[in-house]
Ligand SMILES: N[C@@H](CCC(=O)N[C@@H](CS)C(=O)NCC(=O)O)C(=O)O
């Protein structure tokens, strides 16, 4: 069995994506809380050595560092044959969903959430309106991408569901509304027995 350690923080949707994937795949792991609001130089030395941008998530598998949430999800799926990685079609689906998430809904939502946290400070005029416009387009496409569901990967959630969950879990904090399709999927995700609050995924250590 692999030794798995996940560095993360409850306010990082990117880290939550990976924590959820490990839980759904049933992979035993440890987590280490990293203060994403502190000076990067003050973060644990082992973490700084493993994560080139000193960012979470960083997943250590048998001592080898993996960074970038989408790449980590693909590593989990293909290495452990889980969450879509059981078959080539599932992996293809996962790749497509991950690219969409990273370019679209996973781009505007973290920025909208951050804009509210800092009350717009540092965001140039028009930036929030532009992000809202992007979110509207992404929300409108959500149902098309979800298809028959109930999950993005079909009957059971896969890495694409984990990626999309990362920031859609915080729509209210981002100041946006879910579409009907999103609300239904979010409720199904929340009902998963392996689901947990971000603070439970990353207890302060
Ligand atoms: N593209 C990266 C984004 C990672 C990222 O932005 N991490 C943030 C938290 S959400 C972080 O560690 N910020 C702390 C810092 O930049 O000092 C991924 O997908 O993993």
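Divide the volume of the convex hull of the Cα atoms of segment 117-176 by its number of residues and quote the answer in cubic angstrom per residue. Don't jump to the answer; show the numbers that get you there.
Numbers: hull volume 5.2 nm³, N = 60.
Value for segment 117-176: 87 Å³ per residue.
What fraction, in whole percent, of alpha-carbon pairs in segment 49-131 exceed 23 Å separation? Could the numbers behind the result be given before it?
Details: 1419 of 3403 pairs.
Taking all Cα-Cα pairs of segment 49-131, the fraction more than 23 Å apart is 42 percent.
Ordering 98-106, 193-201 by mean Cβ neighbour count within 10 Å, with the highest value first, yields 98-106, 193-201. In the chain, helices alone account for a calculated mean residue ellipticity at 222 nm of -16000 deg cm²/dmol, with every DSSP H run of four or more residues adding -39,500 (n - 2.57). Can you classify segment 60-103 as rounded, prolate or oblate using the Cα gyration tensor, where a ≥ b ≥ c are the square roots of its eigenvalues, rounded means a/c under 1.5, and otherwise it's prolate if a/b beats b/c and oblate if not? Judged from the Cα gyration tensor, segment 60-103 comes out oblate (a/c at least 1.5, b/c at or above a/b). How high is the relative contact order of the chain, in percent, counting Cα pairs under 8 Å that sit 6 or more residues apart? Contact order relative to length: 27 percent. The P(r) of the chain has a tail past 27 Å containing 29 percent of all C-alpha pairs. What shape does segment 88-190 take by its C-alpha gyration tensor, where a ≥ b ≥ c are the square roots of the eigenvalues and a/c under 1.5 counts as rounded, a/b above b/c as prolate, and the rest as oblate? The shape class here is prolate. Quick check: from the Cα gyration tensor, does segment 1-119 come out rounded (a/c under 1.5), prolate or oblate? In terms of gyration-tensor shape, oblate.
Just so you know, all these numbers are worked out from the coordinates, no wet-lab data involved. The structure displayed is predicted, hence computed values, not measured ones. Because the Cβ atoms are built from the backbone with ideal geometry, glycine has one as well, and the counts that use them run over all protein chains shown.
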